[in-house]
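Engineer: The structure follows.
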Amino acid sequence: MKLLAASILLCLAPVPVALAKLPPLSADAQAKADEAKAKTAWSDKVAAYQLCKAMDRTAEFYLKTAKSAGQETHAPAATPPCADPGPYVSASASAPAAAATKK
């Protein structure tokens with residue numbers, strides 16, 4: 001019983017340290033974090049676009065081969081077109097341009 005109580009206390013001892021707050025990020029670190037977040041979001045959009053194009057090619061190939069094999073095919077389900085996210089544009093590169101247009 002004493003061993004159980006001691007092990008519970010040892011497990012709970014670091015809890016206050018884990019709940020301590022970190023200092024706020026500096027402006028430079030915050031800008032880098034925001035840039036990384038934007039780049040990750042863009043990368044996710046590119047991956048979704050590439051997946052959409054691959055699914056379209058796969059469905060097109062299936063329909064073509066099924067028809068040539070004489071199998072009955074149904075009309076493909078209507079899906080929205082694949083949205084190309086375009087090239088990555090850095091938020092820090094567009095910020096000075098936006099500041100210049102405000103003047």
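The values are calculated or read from the model by the stated rules, or taken from the named source; none is laboratory data. If you're wondering where the values come from, they're calculated on a predicted model, not measured in any experiment. Glycine also receives a Cβ, built like all others from the backbone with ideal geometry; neighbour counts cover every protein chain displayed. Quick note on the areas: whole protein, heavy atoms, side chains included, nothing else; ligands and nucleic acids left out. Shrake-Rupley method; radii C 1.70, N 1.55, O 1.52, S 1.80 Å.
Engineer: Mind checking which helices (runs of 4 or more DSSP H) fall wholly inside the stretch 1-94 and carry at least 3 residues that are within 32 Å of the chain's Cα centre (by Cα)?
Structural biologist: Ranges flagged: 15-18, 27-68.
Engineer: Going residue by residue through the stretch 28-43, is there one that turns out to be polar (S, T, N, Q), open to solvent by less than 80 Å² (accessible area, probe 1.4 Å), modelled with pLDDT under 90 and out of contact with any Gly (no Cβ under 7 Å at 6 or more places or on another chain)?
Structural biologist: The answer is no; no qualifying residue exists.
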